[in-house]
Each structure stands twice: as C-alpha cells, then as structure tokens.
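The values are calculated or read from the model by the stated rules, or taken from the named source; none is laboratory data. Quantities reported herein were computed from a predicted structural model and do not represent experimental measurements. All Cβ positions, even for glycine, are placed from backbone atoms using ideal geometry, and neighbour counts span all protein chains on display. Side chains are part of the model used for accessible areas, which takes the heavy atoms of the whole protein and leaves out ligands, DNA and RNA. Shrake-Rupley method; radii C 1.70, N 1.55, O 1.52, S 1.80 Å.
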Amino acid sequence: KTLYYHNIKHTIDVVVQVENIGYAEGISDTEMYILKTAALFHDSGFIYAYKNHEQESIAIARRILPKEGYSQEQIDQVCELINATILTEEPKNLLECIIRDADLDYLGREDYVPVSRELYKELLEHKLIKKNEYEWCLGQVKFLEEHKYYTSYSRSQRNPGKVRHLQKIQEQITRFNNIN
C-alpha cells in the first residue's frame, strides 16, 4: 500500500524502457529476454524489505526462475542485472547500463514531476525524509547533477529533459530563498 513509486507501474515502465533502450542499442533477442526478466524482478524485493531490497529481489529471482526453465547461467545474469540497479554500483557492461538507464528513465521525461511526487510521498511514508519541500528540492538538484545516463540512447533522448527539470528545480529553490 505504501509503495507509491516502487510499484507495478514502475516495474512495467522499466520493462518498456529496457526494451526501447535495448533495441536502440542493438542488443540481441537473447540479451533482451534476460534484460526484461531482470526488469520484472528488479524491485520485487520491496515486498519484503525497503532497505537492501535488491538482495531480496535476487533471492526471489533465484527461487522462481528455476521453476520457469531458466538455466543457472541465465539466473546469474538476471541477478547481476538486478544488482546493477543499486545506485552505488557502476555498470560493467552494456546490459547493466541499459537496465540502469531504464530504471531512472523518468528523470528526463515529461512525466518527471508526477513521478518524483510519488517518490517523495513514498519516502515520507517510510520516514526516509522529512516533509520539507525546500530540502526535497535541494536533494533533487544534487541527485540530478550527480546522475548520468550510460547509453547513447538515453544520453541523447533523456539528458535534455533532465537538464530542463534541473533548471526548473533550481528556479524553485531561488523562489524559496527569495521568500525567506
């Protein structure tokens, strides 16, 4: 009930974006199969844990995928891709870059504001942030400035939007500062 952002809508979005980015980057159908599987499982661990949910997601994938006919090698690949969604991890190959870009694709899209509002609401609900619009905006500026897209597709298709969102948030911070 409290996963306003990390929910089925986000999962479907990541699967769709994996497909868009993957085909633009020229990956094979076999790679796409593994990538889409990882996208489906990447946040499933939120069912059991909020922090370190990726490890829970990996455990779920390892439990379910053998029953679905996945080989051990395929399962290991899926788990490596889930692990690549951890923001502190640096992607090591094209598939990891694709899933990482797909997971944060919204940062450069027109629906950035409503999607980020859902994340804000979720983080408040889980007491990971305090209700403070100014602090949220500062955090978003820092996140957008530090974030980078890894694939050429995402750099060309999403960076311009991300830059616009960053500018709008910086303008909002300036308005906050002018009020005080």
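Looking only at region 61-69, decide whether some residue is open to solvent by less than 60 Å² (accessible area, probe 1.4 Å) and among the acidic types (Asp, Glu).
There is no residue in region 61-69 that is open to solvent by less than 60 Å² (accessible area, probe 1.4 Å) and among the acidic types (Asp, Glu).
When you look at Glu56, is it modelled with pLDDT of 95 or more, of a type outside the set (S, T, N, Q) and farther than 30 Å from Leu124 by Cβ, yes or no? Considered against the rule, which asks whether it is modelled with pLDDT of 95 or more, of a type outside the set (S, T, N, Q) and farther than 30 Å from Leu124 by Cβ, Glu56 comes out as no. Whenever a residue of region 145-168 is over 16 Å from Gly26 (Cα atoms), its partners that are open to solvent by 50 Å² or more (accessible area, probe 1.4 Å) and in a helix (DSSP H, G or I), lying with C-beta atoms within less than 6 angstrom and at least six residues away or across chains, give the pairs Tyr149/Arg155.
From the set of residues in region 12-45 that are hydroxyl-bearing (Ser, Thr, Tyr) and open to solvent by 20 Å² or more (accessible area, probe 1.4 Å), which is farthest from Arg63 (Cα to Cα)? Here the answer is Tyr23.
Restricting attention to region 34-50, which residues are free of Cβ contacts under 8 Å to residues at least 24 places away in the same chain and more than 16 Å from Tyr4 (Cα to Cα)? Once the filter is applied, which keeps residues that are free of Cβ contacts under 8 Å to residues at least 24 places away in the same chain and more than 16 Å from Tyr4 (Cα to Cα), region 34-50 yields only Lys36. Selection of first residues in region 4-24 that are within 18 Å of Leu95 (Cα to Cα) and of second residues that are aromatic (Phe, Trp, Tyr), restricted to Cβ pairs under 6 Å at least 6 apart or on distinct chains, gives the following pairs, ordered by first then second residue: Ile21/Tyr153; Ala24/Tyr153. Only residues that are of a type in the set (Gly, Ala, Ser) and within 19 Å of Leu119 (Cβ to Cβ) were counted across region 155-180, and they come to 1.
Restricting the search to region 1-54, which residues are small (Gly, Ala, Ser) and in a helix (DSSP H, G or I)? Those that are small (Gly, Ala, Ser) and in a helix (DSSP H, G or I): Gly22, Ala24, Ala38, Ala39, Ser44, Gly45.
Condition check for Tyr50 on (1) open to solvent by 20 Å² or more (accessible area, probe 1.4 Å); (2) within 13 Å of the chain's Cα centre (by Cα): one failure, at (2). The set of residues in region 73-82 being open to solvent by 70 Å² or more (accessible area, probe 1.4 Å) and either under 28 Å from Lys127 (Cβ atoms) or out of contact with any helix residue (DSSP H, G or I) (no Cβ under 8 Å at 6 or more places or on another chain) (or both) consists of Glu73 alone. Of all the residues in region 95-112, those that are surrounded by fewer than 17 Cβ atoms within 10 Å (Cβ to Cβ) and out of contact with any helix residue (DSSP H, G or I) (no Cβ under 8 Å at 6 or more places or on another chain) number 1. Residues that are among the aliphatic types (A, V, I, L, M) and farther than 20 Å from Val14 by Cα number at least 2 in the following helices (runs of 4 or more DSSP H) confined to region 55-154: 133-146.
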